[in-house]
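K.L.:
Provided herewith is a single structure, encoded as structure tokens, for subsequent inquiry.
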Amino acid sequence: GAVVSQHPSWVICKSGTSVKIECRSLDFQATTMFWYRQFPKQSLMLMATSNEGSKATYEQGVEKDKFLINHASLTLSTLTVTSAHPEDSSFYICSAVGISGANVLTFGAGSRLTVL
Amino acid sequence: QKEVEQDPGPLSVPEGAIVSLNCTYSNSAFQYFMWYRQYSRKGPELLMYTYSSGNKEDGRFTAQVDKSSKYISLFIRDSQPSDSATYLCAMTVEYGNKLVFGAGTILRVKS
């Protein structure tokens, strides 16, 4: 149990375009989802906390107008990178927390974004 | 000073060795402590999860938490080449709250 799916796993886009990444909890309801970003050989950096039905809480230094997060249901959160630039190229990972029980802090497999 | 300190390594050991991975932290409010394993280009996989102080064992893995010293450890017995990965410690104040990660330690187990 406690599976989190991310899609797409890898995406290449042109500079200036927008890219949407989906994070789904497959077998549990996630009240909270977290979005992280990871650069090569570095640890995960929290970007934002997403609660179902409310606005996301962004970490300091993360542009909320650039990284749009929507958590419309208990099983789906999306991250949209708007007007992407090469410096946005990174590995984006989501994690989800279940309503209760042992579904604690399960991570998705990550989405690798390359902006040309 | 970072909230969570972890030596990035790399740590290189021969197959069969006992591996010791460690993290120190500064926030005494942390109550939940996790160890994740991350293979290259993959998301982190939860290995061990401990609440408060104490030891927890699962197969070849043992997690220790010493809250008085603000120090956590992960021991891997009989290490295998397949254990080669980056090991991340993480901790949080409350269940469901955001995690604070260490930098991750790269482990290489040589056959």
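K.L.:
With (1) in contact (Cβ under 8 Å) with a residue 40 or more places away in the chain; (2) in a loop (DSSP other than H, G, I, E, B); (3) open to solvent by less than 20 Å² (accessible area, probe 1.4 Å) as the list, and residue B:28 as the residue in question, which single condition is left unmet?
P.N.:
Residue B:28 satisfies every listed condition except (3).
Condition check ((1) within 13 Å of chain B (Cβ to nearest Cβ); (2) at pLDDT 95 or above) across all residues:
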residue	(1), (2)
A:27	no, no
A:40	yes, no
A:50	yes, no
A:60	yes, no
A:75	no, no
A:79	no, yes
A:84	no, yes
A:107	yes, no
A:115	no, yes
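K.L.:
Can you work out which of the residues in the range B:1-25 that are under 16 Å from the mean Cα position of the chain (by Cα) and assigned to a loop (DSSP other than H, G, I, E, B) is nearest to residue B:78 (Cα to Cα)?
P.N.:
Checking each candidate, the answer is B:18.
K.L.:
Condition first: assigned to a loop (DSSP other than H, G, I, E, B) and surrounded by 13 or more Cβ atoms within 10 Å (Cβ to Cβ). Now tell me which residues in the range A:60-78 satisfy that.
P.N.:
Answer for the range A:60-78, where residues must be assigned to a loop (DSSP other than H, G, I, E, B) and surrounded by 13 or more Cβ atoms within 10 Å (Cβ to Cβ): A:62, A:64, A:66, A:74, A:75.
K.L.:
Filter the range A:43-59 down to the residues that are aliphatic (A, V, I, L, M) and in a loop (DSSP other than H, G, I, E, B) and list them by number.
P.N.:
Of everything in the range A:43-59, those that are aliphatic (A, V, I, L, M) and in a loop (DSSP other than H, G, I, E, B) turn out to be A:44, A:56.
K.L.:
Now a separate question. Can you find even one residue in the range B:9-16 that is open to solvent by less than 70 Å² (accessible area, probe 1.4 Å) and at pLDDT below 95?
P.N.:
Yes, the conditions are met somewhere in the range B:9-16.
K.L.:
Which residues, taken from the range A:11-59, are among the charged types (D, E, K, R) and open to solvent by 60 Å² or more (accessible area, probe 1.4 Å)?
P.N.:
Hits for the range A:11-59 are A:14, A:20, A:24, A:27, A:41, A:52, A:55.
K.L.:
Going through the range B:82-111 one residue at a time, which ones are touching a helix residue (DSSP H, G or I) at 6+ places or on another chain (Cβ under 9 Å), modelled with pLDDT of 95 or more and not charged (D, E, K, R)?
P.N.:
Residues satisfying the conditions are B:107, B:109.
K.L.:
Filter the range A:1-25 for residues that are assigned to a loop (DSSP other than H, G, I, E, B) and either modelled with pLDDT of 90 or more or touching a Pro at 6+ places or on another chain (Cβ under 6 Å) (or both) and give the result.
P.N.:
A:8, A:9, A:14, A:15, A:16, A:17, A:18
K.L.:
Looking at A:109, A:84, which one is open to solvent by 50 Å² or more (accessible area, probe 1.4 Å), in contact (Cβ under 8 Å) with a residue 60 or more places away in the chain and of a type in the set (A, V, I, L, M, F, W, C)?
P.N.:
A:109
K.L.:
Quick one: which strands (runs of 3 or more DSSP E) sit completely within the range B:37-111 and have at least 3 residues that are open to solvent by 50 Å² or more (accessible area, probe 1.4 Å) and within 12 Å of chain A (Cβ to nearest Cβ)?
P.N.:
Counting at least 3 such residues, we get B:45-51.
The values are calculated or read from the model by the stated rules, or taken from the named source; none is laboratory data. Please read these numbers as outputs of a predicted model, since none were measured by experiment. Note that each Cβ is placed from the backbone with ideal geometry, even for glycine, and that neighbours are counted across all protein chains shown. Keep in mind that these areas ignore ligands, DNA and RNA; they rest on the heavy atoms of the full protein, side chains included. Shrake-Rupley method; radii C 1.70, N 1.55, O 1.52, S 1.80 Å.
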